[in-house]
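The values are calculated or read from the model by the stated rules, or taken from the named source; none is laboratory data. Because the structure is a prediction, the values reported are computed rather than measured. Because the Cβ atoms are built from the backbone with ideal geometry, glycine has one as well, and the counts that use them run over all protein chains shown. The protein model used for the area step is the full one, side chains on, heavy atoms only, and it has no ligands, DNA or RNA in it. Shrake-Rupley method; radii C 1.70, N 1.55, O 1.52, S 1.80 Å.
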Amino acid sequence: MGITINAEKKIFTLETAHSAYQMQVDDRGFLRHLYYGSRVNGSDMSYMHIDYDRSFSANPNCAYPVRGYSLDVIPQEYTGCGLCDFRISSIGVINPDGSFAAEFHYDSFEVRKGKYTIPGQPAVFENGEEAETLVIMLSDPATGLSLELLYGVFPEKDVITRAARIINRTAGTVMITKAGSMSLDFSYGDFDLLSFHGRHAMERVMERTPIVHNVTSIRSRRGQSSHQHNPFVIICEKGANEDYGNCYGFMLVYSGNFRAETEKDQFDSTRIVMGIEPESFRWKLEQGEAFDTPEVILSFSAHGFTELSHQYHRIIRHNICRSKYNFARRPVLLNSWEGSYFSFDDQSLLKMAAGAKELGVELFVLDDGWFGVRNDDNSGLGDWFVNEAKIRCGLPKLVDDINAMGLKFGIWIEPEMVNEDSDLYRAHPDWALNIPGRGPCRGRNQLVLNMSKPEVRDYVFDSISKVLKSANIEYVKWDVNRNVADVYNEQFPVDRQGEIAHRHILGIYDLLERFTGTFPDILFEGCSGGGGRFDAAMMYYYPQIWCSDDTDAIPRIAIQHGTSFGYPVSTIGAHVSASPNHQTGRITPVNTRAVVAMHGTFGYELDPAKLTEEEKKEIRSQILYFKEHYDVIQNGLYYRLTNIGEQYFEAWEQVSEDRSEALLSVVITVTQPNARLIHIKMKGLDPEVDYRMDVRTDIDEKVFTIPDFPGGSQLKEFLQKEGRVYSGAALMNGGITLPWLMGNYLAMQLSFRKV
Ligand code: DGJ
């Protein structure tokens with residue numbers, strides 16, 4: 001396992017526990033991609049590729065007079081541009097002479113112990129295990145433009161990371177117009193693309209489409225990884241499903257504009273290129289300067305999506321999330337937002353906190369509206385001092401009082417934004433992104449602070465740090481509530497304006513590094529109007545991210561289902577909110593809302609004073625149940641058991657890594673008459689072990705009072721029966737059958753414990 005080099009054949013093989021990745025320098029010095037897939041016992045895979053003379057696929061100059069050598073059909077590790085590979089390029093350049101061409105030839109390689117880092121950017125880090133780095137150096141003989149391809153190999157995690165470093169060793173200045181982090185060619189195979197699209201309050205819905213003979217771009221140009229498209233895609237064989245088939249994941253560790261492009265070419269080969277979105281990007285490289293791309297986490301599974309997801313969950317939890325809270329038990333929180341929005345004062349907050357404490361909540365979070373002059377979302381952003389008209393007792397006293405109740409205290413911030421109606425904007429209008437001669441675009445009536453300016457970052461850091469130091473603040477929710485437009489920085493010359501979008505993101509990373517470094521004991525939760533910046537780069541700074549502003553349990557299932565393909569449960573912020581739901585008006589049982597929120601870091605977002613006594617009792621028991629099953633929920637392996645919308649219910653399962661415990665969750669999403677029974681085959685259990693099953697639900701007596709309730713006696717018997725024991729083999733091969741559940745959006749949790 002690890003990196004093997006066949007010096008004679010110039011073959012580089014990267015092996016993980018279950019995958020192999022191979023490339024070779026050919027006779028003309030090009031770096032060919034040979035293979036990525038299941039392990040092949042170290043075989044030389046070059047035999048798979050045969051070169052032909054293909055009409056209308058021109059030959060590079062160095063191949064002359066051979067007509068059967070064309071980069072337009074040869075699988076490559078990272079392409080050049082502007083010459084005779086007419087497929088999508090990995091890179092775009094404007095050379096000192098104005099030409100657009102680059103062609104990279106092999107120079108040398110280096111193997112380093114440990115995993116490479118990327119200056120100023122988040123990246124997968126090694127965490128106790130053996131990781132290795134392979135660097136392959138290439139350059140364009142015509143210009144001297146150099147390229148370092150970086151490969152990080154994590155054998156035990158079945159992960160390979162890739163990034164590129166472009167170095168200007170030409171005789172002049174080079175403009176980089178596209179800087180792909182990686183590209184990969186599959187010479188053979190018929191593939192589907194899984195991507196995760198959405199919108200505000202409906203993020204990361206999985207979409208599966210065939211890869212066809214055109215270029216498909218999954219991208220964001222919104223200055224954030226975005227609600228609309230996530231920087232994670234899967235390429236899989238046609239028949240692949242949760243448990244079967246070859247599938248390849250590509251996750252960009254980046255929070256800004258990105259693009260993942262796929263193209264099936266004339267001979268049905270598939271190429272994927274992933275990196276920073278080129279449309280909004282130009283980078284001027286002076287002689288001797290280098291540009292570092294963000295990295296992509298690649299992983300392969302021969303056994304379908306579930307295994308691939310587990311590989312991503314593992315690498316994110318162990319090698320991306322750095323917070324000390326990553327593996328610690330996170331507190332059950334109550335967030336004030338949907339309970340009071342902007343209307344609160346210190347007294348109402350204390351009342352809300354007391355109500356939360358009574359329910360068993362551990363952390364009270366004061367959301368938007370506590371600072372500057374902020375009674376709605378039109379003013380105040382940027383003024384990071386306490387609004388004493390609302391918090392009359394002052395923040396330290398409020399926090400002390402809440403702490404005295406036995407609750408931790410957390411606070412909301414939106415550091416990257418400013419309202420025009422704020423002291424900050426009045427003093428520094430030039431700190432907001434704006435293109436001279438144009439009025440700014442407004443989103444939620446706010447502007448974006450220009451994080452490519454160090455003085456802006458200093459102000460934000462100093463002013464918010466002062467607040468964080470002023471009281472015992474143990475949690476911070478870092479929000480971002482609009483997309484980035486008006487990208488410009490007048491401190492940079494005209495021909496460097498294409499750098500600002502990326503410099504803005506680097507500035508945000510710098511700020512996050514300063515905050516998380518200075519306040520290591522604070523639990524940071526990310527947010528961008530819910531899940532508008534739900535990406536691996538952000539998880540490097542925060543171990544959890546508010547997954548969506550949609551707290552309606554029913555659509556939330558699809559959001560969390562899509563999110564789970566790449567990201568672990570422990571990163572998914574999920575809350576129980578009031579019913580009727582504030583986003584959709586839907587009415588659901590409070591139990592169902594909790595079952596769905598236990599697919600995440602679990603908390604509440606409602607006003608406890610508005611709950612009935614019955615609801616309070618139910619919530620108390622939910623919190624106890626969550627705590628009892630915390631380990632399996634947050635640290636277990638996650639299984640999707642249904643494909644969204646295929647049936648009238650959805651189900652998922654969490655199983656402890658030692659397989660001693662499992663939690664099965666089932667929610668009825670469409671109420672049907674005379675429905676077929678719910679039958680589910682469980683996954684991931686130990687076939688040799690017997691498990692005791694316990695049922696939790698709020699299906700109560702009311703349902704049995706419906707006249708002629710069909711199946712009432714069976715349901716009653718199912719709920720009342722105790723001491724059921726089934727073998728893991730039976731539960732996985734035969735499955736479990738649930739009685740017919742009648743009523744709106746009912747839900748059940750079935751826990752299984754090794755006897
Ligand atoms: C958007 C977030 O997603 C909400 O949870 C809330 O914090 C609001 N912003 C506050 O403005």
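Tabulated data for the structure shown
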{"read-out": "Criterion: open to solvent by less than 10 Å² (accessible area, probe 1.4 Å), among the aliphatic types (A, V, I, L, M), touching a helix residue (DSSP H, G or I) at 6+ places or on another chain (Cβ under 9 Å) and more than 24 Å from Ile91 (Cα to Cα) - qualifying residue of Ala240, Ala179", "value": "Ala240"}
{"read-out": "Enumeration of residues in segment 706-755 that are acidic (Asp, Glu) and under 27 Å from Phe626 (Cα atoms)", "value": "Glu717, Glu722"}
{"read-out": "Some residue of segment 673-696 being outside any strand (DSSP E or B), open to solvent by 80 Å² or more (accessible area, probe 1.4 Å) and either free of Cβ contacts under 8 Å to residues at least 24 places away in the same chain or in contact with an Asp or Glu (Cβ under 8 Å, 6 or more places away or on another chain) (or both)", "value": "yes"}
{"read-out": "Selection count, segment 334-350, where residues are within 11 Å of the ligand (Cβ to nearest atom) and closer than 16 Å to Phe409 by Cβ", "value": "3"}
{"read-out": "Subset of segment 448-480 (residues that are open to solvent by 40 Å² or more (accessible area, probe 1.4 Å) and either hydroxyl-bearing (Ser, Thr, Tyr) or within 16 Å of the ligand (Cβ to nearest atom) (or both))", "value": "Tyr459, Ser470"}
{"read-out": "Residue in segment 500-550 that is farthest from Thr161 (Cα to Cα), counting only those that are of a type in the set (Lys, Arg) and more than 16 Å from the ligand (Cβ to nearest atom)", "value": "Arg514"}
{"read-out": "Members of segment 481-496 found to be away from the ligand (no atom under 16 Å from the Cβ), among the polar types (S, T, N, Q) and open to solvent by 30 Å² or more (accessible area, probe 1.4 Å), listed by number", "value": "Gln491"}
{"read-out": "Flag for Ala558 being under 27 Å from Arg221 (Cα atoms), open to solvent by 10 Å² or more (accessible area, probe 1.4 Å), outside the structural domain of Ile297 (by TED's automatic domain parsing) and at pLDDT 95 or above", "value": "yes"}
{"read-out": "Among the candidates Arg165, Arg199, Arg169, residue that is surrounded by fewer than 20 Cβ atoms within 10 Å (Cβ to Cβ) and free of Cβ contacts under 8 Å to residues at least 40 places away in the same chain", "value": "Arg199"}
{"read-out": "Pair list, Cβ < 6 Å and 6+ apart or interchain, from segment 717-732 residues that are touching a residue at least 40 places away in the same chain (Cβ under 8 Å) to residues that are of a type in the set (A, V, I, L, M, F, W, C) and not in a strand (DSSP E or B)", "value": "Gly728/Leu685; Gly728/Val689; Leu731/Met682; Leu731/Leu685; Met732/Met682; Met732/Leu685"}
{"read-out": "Residue within segment 292-314 that is part of a loop (DSSP other than H, G, I, E, B), polar (S, T, N, Q), under 22 Å from Trp370 (Cα atoms) and in contact with a strand residue (DSSP E or B) (Cβ under 7 Å, 6 or more places away or on another chain) present", "value": "no"}
{"read-out": "In segment 287-315, residue farthest from the chain's Cα centre (by Cα) [restricted to those that are of a type in the set (D, E, K, R) and open to solvent by 20 Å² or more (accessible area, probe 1.4 Å)]", "value": "Glu289"}
{"read-out": "Cβ-Cβ under 7 Å pairs, at least 6 apart or on other chains, segment 128-140 side touching a residue at least 12 places away in the same chain (Cβ under 8 Å) and crowded, with 21+ Cβ neighbours inside 10 Å, far side of a type in the set (D, E, K, R) and outside any loop (DSSP other than H, G, I, E, B)", "value": "Leu138/Asp107; Ser139/Asp107"}
